Amino acid sequence: MVRIDRKKIHVEVGDRVVPCTVRGRFFEEQDDDPESRPVAVGDRVKVELDGEQGAIEEVLPRTTRIARPRPRDPNRWQVIAANVDLLVIVASLKQPSTRPGLVDRLLVAAECEGIEPLIVLNKVDLVDTAEAARFAEPWKEIGYRVLPTSVPAASGLAELRDAMRGRVAMMLGHSGVGKSSLLAALDPAIIARIGALVATGTKTARGAHTTTSAVMHRLAFGAHLVDTPGVREFGLPPMERHDLAHHFREFVPLVAKCKFATCIHDPEPNCAVKAAVAAGTIRAERFANYQKLLAELGGEGERMARHDSY
């Protein structure tokens, strides 16, 4: 599915997009189901075609999902994109400066869902090489790929196309880091398509139960991109507090060495993770960001951690 307008769903079938009706049961909410919208952009569906239109017969199981809390009920969430397999985290050092905490938050979200992350350090033409390398090093040293890019210098764009080719990708990052400029450089036609959708009101949020801002675009070089400019809150799946460490790569080899099996690596004694922080083998700034996420999860691990201001 590439777009949802109220109860009309637009589905990519071969080389065309077909408007489809849906069975009422797909939009019925269950009181005991925390997921408020059972269909989302990126869902794979079975469609019965009737000329230029169709009807959705089945929504296939998802491999991944990206969600946000409902505005009026943070204990329930809306899935805004499904089956994403590449999360492109766009950061910049100047105009604006990206908070490393946001990068860590999005990395955790990717790890939770089994989505491959790619950190794109954009606007590198505005900083010197050494400064960019220092910013990227905490993630590179634990195995994440960091790709420097510059639209004015046309650097890194071929590598970014290669990374996205054949994938369902989603870009997230602070406002102003250059996501739109990157997209225009990757595929000049995409900005015109996005503008046309905005003009028709497709991407204007009309309430909790009407439409989603997400739209999936097919890019000329063989990728799909889920565009979500309206996202201001990014939810992590519910989890127990002691599970959060399993989504910090450098923590994983150490968690079994802690004294307590349910160690949250905060107040407990004989904690291997805290010992590694003290020894300098885990970076203090990564551990501080871990503690912030831990605090947001709450005592029962049932609330969704989120970042409220891209």
#### Entry: Set Leu147, Leu121, Leu87: member being touching a helix residue (DSSP H, G or I) at 6+ places or on another chain (Cβ under 8 Å), part of a strand (DSSP E or B) and closer than 21 Å to Arg44 by Cβ
Leu87
### Message
So Lys203 ticks every box in (1) surrounded by 16 or more Cβ atoms within 10 Å (Cβ to Cβ); (2) modelled with pLDDT of 85 or more but one. Which box is left unticked?
### Response
(2)
### Message
Here are the criteria: (1) under 18 Å from Ile66 (Cα atoms); (2) small (Gly, Ala, Ser); (3) not in a helix (DSSP H, G or I). Tell me which single one Ala110 does not satisfy.
### Response
(3)
### Summary
Those residues of the stretch 94-106 that are free of Cβ contacts under 8 Å to residues at least 40 places away in the same chain and either crowded, with 22+ Cβ neighbours inside 10 Å or part of a helix (DSSP H, G or I) (or both) come to a total of 1
### Task
Would you tally the residues in the stretch 243-287 being surrounded by 13 or more Cβ atoms within 10 Å (Cβ to Cβ), over 20 Å from Cys112 (Cβ atoms) and hydrophobic (A, V, I, L, M, F, W, C)?
6
## Note on the structure
Residue hits (the stretch 257-300; assigned to a helix (DSSP H, G or I) and among the acidic types (Asp, Glu)) are Glu285, Glu296
### Message
Can you list residue pairs whose Cβ atoms sit under 9 Å apart, with the first residue in the stretch 114-139 being among the basic types (Lys, Arg) and the second being assigned to a loop (DSSP other than H, G, I, E, B)? Count only pairs 6 or more apart in sequence or on different chains.
### Response
Lys123/Leu93; Lys123/Lys94; Lys123/Gln95; Lys123/Thr149; Lys123/Val151; Lys123/Pro152; Lys123/Val177; Lys123/Gly178
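The values are calculated or read from the model by the stated rules, or taken from the named source; none is laboratory data. Just so we're clear, the structure is a prediction, and the values are computed from it rather than from any experiment. Cβ sites come from the backbone with ideal geometry, for glycine too, and all protein chains shown count toward neighbours.
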